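The block underneath contains the structure these notes are about, expressed in structure tokens.
The values are calculated or read from the model by the stated rules, or taken from the named source; none is laboratory data. None of these values were measured; they are calculated from a predicted model. Positions of Cβ are generated from backbone atoms using ideal geometry, with glycine treated the same way; all protein chains shown enter the neighbour counts.
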């Protein structure tokens, strides 16, 4: 691939056959009007429908390249695979469901170039999602701001622009279960965000159910912060102190009112027992998540495996 590519667009694809032709027909004119050299990289993330066949057909266009992964690794791993194969000085990421309008790409590039930013994030204006999607997203935004210290308002929108240097640093991390928008802020000096339009999904169904959003929330917390472990530690100290105080209260009440004041103290003991057992299981679960992630990193298995690279027509890798 030529080294003089100015803009790369990285688009992960998983079961999006209903959207791909429209995506291609909308994004190509947008990129051509930029009057910059560009490439569009689609990453097939183990699609089970006809997406890969359609993408292979797209490579007849000189600007479209397709990366085929061996199985479904998830959106962020697929984007990292695209990062590893892109060449642009500015790299744009976006979803294939057309909720991120391709027509907004020039706005991101203009802001990045005028402000010399390393990362340009986006805020979805007039968001076309259900309440069950918006609520977890708002929670992710709150957690991301606390963990990263960066005051972005919409971390869940994948329509973003990155400088080449930031992309290369992210590739070098080789992290599992990473959250790309947050990871980018670790390496970016100048970050901003702009409002973009948001559209309804063109076709098919969302590949991000509530379960995946919850997993993404934990990926964000566990990958960028040890806050849960500290929370358990300080919470344990507080509970121990409250337990001592409560014990003193029980002793005084026992001496003042006798054993019959609270069913001989049996119910109180059971309540305390249930609370502490529940907290222990919760603590073990959180610690287990961190240990599991350490296990994944120690094994050093690849975050993704590329099965094939389908280059654009007339171009060699």
Test: residue 125 is in contact with a strand residue (DSSP E or B) (Cβ under 6 Å, 6 or more places away or on another chain) and surrounded by fewer than 17 Cβ atoms within 10 Å (Cβ to Cβ): yes
Determine whether residue 134 is out of contact with any helix residue (DSSP H, G or I) (no Cβ under 7 Å at 6 or more places or on another chain) and either surrounded by fewer than 21 Cβ atoms within 10 Å (Cβ to Cβ) or part of a loop (DSSP other than H, G, I, E, B) (or both). yes
How many of the residues making up the range 174-191 are exposed (fewer than 15 other Cβ atoms within 10 Å of the Cβ) and either at pLDDT 85 or above or at negative phi (or both)? 3
Restricting the range 93-103 to residues that are buried (at least 19 other Cβ atoms within 10 Å of the Cβ) and in contact with a strand residue (DSSP E or B) (Cβ under 9 Å, 6 or more places away or on another chain), which is nearest to residue 196 (Cα to Cα)? 100
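Yes/no matrix, rows are residues, columns are (1) closer than 26 Å to residue 51 by Cβ; (2) at pLDDT 70 or above; (3) surrounded by 14 or more Cβ atoms within 10 Å (Cβ to Cβ):
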{"position": "200", "(1), (2), (3)": "yes, yes, no"}
{"position": "204", "(1), (2), (3)": "yes, yes, yes"}
{"position": "217", "(1), (2), (3)": "no, no, yes"}
{"position": "240", "(1), (2), (3)": "no, no, no"}
{"position": "245", "(1), (2), (3)": "no, yes, no"}
{"position": "255", "(1), (2), (3)": "no, yes, no"}
{"position": "263", "(1), (2), (3)": "no, no, no"}
{"position": "293", "(1), (2), (3)": "no, yes, yes"}
{"position": "306", "(1), (2), (3)": "yes, yes, yes"}
Output the number of the condition that residue 87 fails; it satisfies all remaining conditions of (1) on the phi < 0 side of the Ramachandran plot; (2) within 20 Å of the chain's Cα centre (by Cα); (3) at pLDDT below 95. (2)
Which members of the range 41-61 meet the condition of being surrounded by fewer than 22 Cβ atoms within 10 Å (Cβ to Cβ), touching a residue at least 40 places away in the same chain (Cβ under 8 Å) and touching a strand residue (DSSP E or B) at 6+ places or on another chain (Cβ under 9 Å)? 56, 59, 61
Just wondering, is there one or more residues in the range 12-26 that are touching a residue at least 60 places away in the same chain (Cβ under 8 Å), surrounded by 15 or more Cβ atoms within 10 Å (Cβ to Cβ) and closer than 13 Å to residue 65 by Cβ? yes
Here are some residues: 146, 212. Which one is at pLDDT below 90 and either on the phi > 0 side of the Ramachandran plot or surrounded by 14 or more Cβ atoms within 10 Å (Cβ to Cβ) (or both)? 212
